[in-house]
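See structure below.
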């Protein structure tokens, strides 16, 4: 924990717990109140000065500048209300730095449960906050998925109006992307990684809490989308007709929900970049003595890889969204004709786009320059978790530790060189298609190394197939199919037939859901005992596992089939020839959804009353299992000295490191 | 060091080889049956044929790769599984240089194989359009495709008429947002980008009725942005193109609220 410099004067600090109702300022309650006030003040003031609406002929009835200023007010109000700006404010005024007691209070010392509902710097609190928020994001994204599959269950566009369906597709996609970006780095990068490297907290604890505050603000703005009911046909639903890829010019033209979406994603991108910088600094500077890079747990390597991608790639998307907002609000023409956004007319021509100097291609390139590293950002921590957990439940060292690092870092480097494979049919310079085909096919090599490491670790081990291990094993099957289907898409002639169809959708759901999301489930089963002190129920876990594995696989294999048949993606109606495949996919998607409900039920009842966990229930060797459960505020009584990597199964006993002067524990048994 | 499962590698290899052969044979039998029953679109050009041939080759190559991982991982799960929580550690094997080198070598070989197939295919589709191609200007707009034939006094149509066994070059653009022009049976796909003209060409080689589908989400009625394609004999095509009106059909943007979705079935062509 970073201690403040010795400041003048000390605050009167008591060691008795402060009553929870006194801790209500600052808290999420005051944050929400001030956020609401900020939104109303910002938007109403703006509309007062620039007018509420456009001329009747324009596409968007409300001047969107008001919404954007309102959102800025919302974020400011939120940050002030939760107490995020207290110390920057006192610094700006030249007042004293917080002393150690104040830092401890900010970290939630002696505050009980209320510390989870405010700006708290303890990385363990932030980790739990992320776990809950990410789970809610996944739940709402999943609800959107169930609605999409309801529509697609039968041909005929029978369930929702087309405009609502397109907005659902956009929101499902964006919410799931934001959730999967944070689902490992947020809960486990925050809670587990500092303990894993022998640190007392992150390098920048306040920045850590700020990252989370930005994600909360992002979700508050995101929630506006369905209510920005000014779509093209005037219906409710926000009218965002673009898909999560938000290509210009349709992003410029589409309903007012797009403005909320852009602001929300820019906030989430900020959260992601801040978190990435924090993680990289923490791992570089705060490792325990003896923890060299070659003794780092492989999960930490994968989190670093993911953080590098987030830090370097997110900017392109932020800029893309900013350009969309500028086109919509200020009549620029980055992607669009001379008229845009508030000013969009109902007809626009290609020559107008050229007059404005805009280029639709710019949108694709900015988006995918981020979009491709982003998918590896999502999946790398899943690789890392699987490789972390296979040694524990095979009682064998990680097979090819350096190979695994090569795989992770190879993916990090190459992922910046492949993005135009998403644009093979966009009409870009044909000679370049060969380069991107080659780079994309090359990236299959580092990705494939993960399978070598996995099989080698399992081989001749002593396998304990509990639920966490089952999810790690299912990753092997699911990501294999996802990866092989990616090879089809990397070949340009094949991609010409497959691009924009359901084959692509099936491919990325196999990698995101079958790979990353299932690894997330497994990580929850694995680390829940350390984070909450309780075990998740194994029987419910088995129902959850088989339900999602069978539901998911049948559903998305069916989707490969209709993709080959020729069904485009993002359609709410299709040729009746595709009906059987869609029906099967929908039914098994509902099974997948039901099994995830079982998971949420398991989490809730186990958190309240599950089996109490010991400090090291899995007999693992990474440092987080060497601290007591619940984990003390500053993690370690004494920072351990690390003498080996955490994969000494069958070699020596004990953990990766042990406190100075402590007795070396015997061989790890049971 | 391990007395149990002394022949694990040998057994797993045998299972892998058997499953790969069986898988390849099953696929060899099933693929034409599935294709004939609509698993892939009807193939009406060499371009489309090339694309599906590549996919067939990839599938055959994927079978042993898939089974290798599944069989070795699966064998490990079944052979080395502990019935209850294990009470001792496994062998302290941290790697196997031969295995790692072999894996990297095979991975590289597979990538070289992909390069060969890929660059060959790419060369075919990147050959320039023949000089005598019939030109068709394709204009995408929300939510309708229109076609002009500059070589036929700019005859226009909302149905795409094409001559068989004749190269056709499409000059594709959009009037508003990004669309994507795809004829599945002919294997031609290119984005319709506002402000740009993209080119793609193909030679249809089978007379028949096909469909243009839009494959870039372009707004509310993206799903309905389909038009019929009629590939006909060259003489029939000459007759048809000469008889089309000079006006390129309905090109104005229709106002949404007055046009319910189902009505688009008639205006924009088949809903398929």
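The values are calculated or read from the model by the stated rules, or taken from the named source; none is laboratory data. None of the values given here were measured: they were computed from a predicted structure. Glycine also receives a Cβ, built like all others from the backbone with ideal geometry; neighbour counts cover every protein chain displayed.
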Filtered residues of region A:632-670 (kept if within 32 Å of the chain's Cα centre (by Cα), at pLDDT 90 or above and not in a loop (DSSP other than H, G, I, E, B)): A:642
Of the residues A:452, A:480, A:473, A:432, only one is surrounded by fewer than 22 Cβ atoms within 10 Å (Cβ to Cβ) and assigned to a helix (DSSP H, G or I); which? A:432
Odd one out for residue A:488, checked against (1) touching a residue at least 40 places away in the same chain (Cβ under 8 Å); (2) at the interface with another protein chain (Cβ under 7 Å from one of its Cβ atoms): (1)
Against the definition (more than 9 Å from chain B (Cβ to nearest Cβ), touching a helix residue (DSSP H, G or I) at 6+ places or on another chain (Cβ under 8 Å), farther than 30 Å from residue A:538 by Cα and surrounded by 23 or more Cβ atoms within 10 Å (Cβ to Cβ)), how does residue A:503 come out, yes or no? yes
Give the residue that is farthest from the chain's Cα centre (by Cα), with candidates limited to residues of region B:18-35 that are within 13 Å of chain A (Cβ to nearest Cβ) and surrounded by fewer than 17 Cβ atoms within 10 Å (Cβ to Cβ). B:30
Filtered residue count, region A:455-472, keeping only those that are at the interface with chain B (Cβ under 7 Å from one of its Cβ atoms) and touching a helix residue (DSSP H, G or I) at 6+ places or on another chain (Cβ under 6 Å): 6
Inside region B:1-59, the number of residues satisfying the requirement of being assigned to a helix (DSSP H, G or I) and in contact with a strand residue (DSSP E or B) (Cβ under 9 Å, 6 or more places away or on another chain) is 3
Report the residue count in region A:215-254 for those that are within 11 Å of chain B (Cβ to nearest Cβ), modelled with pLDDT under 95 and at negative phi. 15
Scope region B:139-171; condition crowded, with 23+ Cβ neighbours inside 10 Å and within 18 Å of residue B:219 (Cβ to Cβ); matching residues: B:140, B:141, B:142, B:143, B:144, B:145
For region B:186-201, give me each residue that is surrounded by 24 or more Cβ atoms within 10 Å (Cβ to Cβ) and either touching a residue at least 60 places away in the same chain (Cβ under 8 Å) or more than 7 Å from chain A (Cβ to nearest Cβ) (or both). B:186, B:187, B:188, B:192, B:200
With the checklist (1) under 23 Å from residue B:47 (Cα atoms); (2) touching a residue at least 24 places away in the same chain (Cβ under 8 Å); (3) facing chain A (nearest Cβ under 7 Å) in hand, flag the one item residue B:206 doesn't pass. (3)
Of the listed residues (A:167, A:180), the one being buried (at least 23 other Cβ atoms within 10 Å of the Cβ), within 14 Å of chain B (Cβ to nearest Cβ) and either part of a helix (DSSP H, G or I) or free of Cβ contacts under 8 Å to residues at least 60 places away in the same chain (or both) is A:167
Going by the structure shown, is residue A:425 surrounded by 20 or more Cβ atoms within 10 Å (Cβ to Cβ), touching a strand residue (DSSP E or B) at 6+ places or on another chain (Cβ under 8 Å) and either within 10 Å of chain B (Cβ to nearest Cβ) or modelled with pLDDT of 95 or more (or both)? yes
When you look at residue A:212, is it within 19 Å of residue A:311 (Cβ to Cβ), in contact with a helix residue (DSSP H, G or I) (Cβ under 9 Å, 6 or more places away or on another chain), modelled with pLDDT of 95 or more and assigned to a helix (DSSP H, G or I), yes or no? yes
For residue A:415, the lone unmet condition from (1) surrounded by fewer than 19 Cβ atoms within 10 Å (Cβ to Cβ); (2) over 14 Å from residue A:391 (Cα atoms) is (1)
Matching entry among B:228, B:130 (being closer than 23 Å to residue A:573 by Cα, out of contact with any helix residue (DSSP H, G or I) (no Cβ under 6 Å at 6 or more places or on another chain) and either more than 10 Å from chain A (Cβ to nearest Cβ) or surrounded by fewer than 18 Cβ atoms within 10 Å (Cβ to Cβ) (or both)): B:228
Can you name the number of the only condition in (1) within 7 Å of another protein chain (Cβ to nearest Cβ); (2) outside any loop (DSSP other than H, G, I, E, B) that residue A:377 fails? (1)
Across region B:141-168, which residue is nearest to the chain's Cα centre (by Cα) among those that are within 14 Å of chain A (Cβ to nearest Cβ) and not in a loop (DSSP other than H, G, I, E, B)? B:145
Do we have residue B:185 as part of a loop (DSSP other than H, G, I, E, B), closer than 21 Å to residue B:237 by Cα and in contact with a strand residue (DSSP E or B) (Cβ under 6 Å, 6 or more places away or on another chain) here? yes
Pick from region B:71-87 the residues that are out of contact with any strand residue (DSSP E or B) (no Cβ under 8 Å at 6 or more places or on another chain) and at the interface with chain A (Cβ under 7 Å from one of its Cβ atoms): which of them is surrounded by the most Cβ atoms within 10 Å (Cβ to Cβ)? B:72
Quick test for you: out of A:536, A:564, pick the one residue that is within 13 Å of another protein chain (Cβ to nearest Cβ), buried (at least 22 other Cβ atoms within 10 Å of the Cβ) and either under 21 Å from residue A:487 (Cβ atoms) or in contact with a helix residue (DSSP H, G or I) (Cβ under 7 Å, 6 or more places away or on another chain) (or both). A:564
Please state which of the following conditions residue A:604 fails to meet, knowing it meets all the rest: (1) modelled with pLDDT of 95 or more; (2) touching a helix residue (DSSP H, G or I) at 6+ places or on another chain (Cβ under 7 Å). (2)
In the set A:274, A:326, which member is modelled with pLDDT under 95 and either closer than 30 Å to residue A:401 by Cβ or away from chain B (no Cβ under 13 Å) (or both)? A:326
Tally time: how many residues in region A:570-583 are within 14 Å of another protein chain (Cβ to nearest Cβ) and touching a residue at least 24 places away in the same chain (Cβ under 8 Å)? 9
Those residues of region A:587-600 which are over 23 Å from the mean Cα position of the chain (by Cα) and buried (at least 20 other Cβ atoms within 10 Å of the Cβ) amount to A:588
